[in-house]
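The values are calculated or read from the model by the stated rules, or taken from the named source; none is laboratory data. Keep in mind the model is a prediction, meaning the values are calculated, not measured. Cβ placement follows ideal geometry from the backbone for every residue including glycine, while neighbour counts extend to all protein chains displayed. For accessibility, only protein heavy atoms count, side chains too; no ligands or nucleic acids. Shrake-Rupley method; radii C 1.70, N 1.55, O 1.52, S 1.80 Å.
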Amino acid sequence: MDYTYKTKGTCSMEITFHIDGDVITDVKFLGGCNGNLKAIGKLVEGLTVDEIENKLKGNTCGLRPTSCADQLAIAVREAYEAQKTA
């Protein structure tokens, strides 16, 4: 299932990715720090929702209480839960 998440509190505006069961692939960010966000997408390619949450949830950016990485962790969990009810 392809999923789009509108980010909150970050420079990036949205995250798109594919979720199959609990495995995440094809992560792309719209806006934000292009090089760093491409790298995050490559680093999480093929990881599970739990693995992504364990690595990225709670990561902050400057004085913000969240970050693009934290938003990705939130997004993959939301997609996983939505997939179970679909």
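If I go through segment 10-57 residue by residue, how many of them are part of a loop (DSSP other than H, G, I, E, B), in contact (Cβ under 8 Å) with a residue 24 or more places away in the chain, closer than 21 Å to ALA82 by Cβ and open to solvent by 40 Å² or more (accessible area, probe 1.4 Å)?
Residues meeting the conditions: 1.
Name the residues in segment 29-65 that are within 12 Å of the chain's Cα centre (by Cα) and within 12 Å of SER12 (Cβ to Cβ), would you?
Within segment 29-65, PHE29, LEU30, LEU37, LYS38, ILE40, GLY41 qualify.
Restricting attention to segment 58-75, which residues are surrounded by fewer than 16 Cβ atoms within 10 Å (Cβ to Cβ), part of a loop (DSSP other than H, G, I, E, B) and either in contact (Cβ under 8 Å) with a residue 40 or more places away in the chain or touching a Ser or Thr at 6+ places or on another chain (Cβ under 7 Å) (or both)? Reasoning before the result, please.
Looking only at segment 58-75, we keep the residues that are surrounded by fewer than 16 Cβ atoms within 10 Å (Cβ to Cβ), and these are 58-60, 62-65.
Then drop every residue that is not part of a loop (DSSP other than H, G, I, E, B), which leaves 58-60, 62-63, 65.
Listed by number, the residues that qualify are ASN59, THR60, PRO65.
Just to be sure I understand, how many residues within segment 11-27 are under 15 Å from GLU78 (Cβ atoms) and within 12 Å of the chain's Cα centre (by Cα)?
Narrowing segment 11-27 to residues under 15 Å from GLU78 (Cβ atoms): 14-19, 22, 24, 27.
Those left that are additionally within 12 Å of the chain's Cα centre (by Cα): 14-19, 24, 27.
Count: 8.
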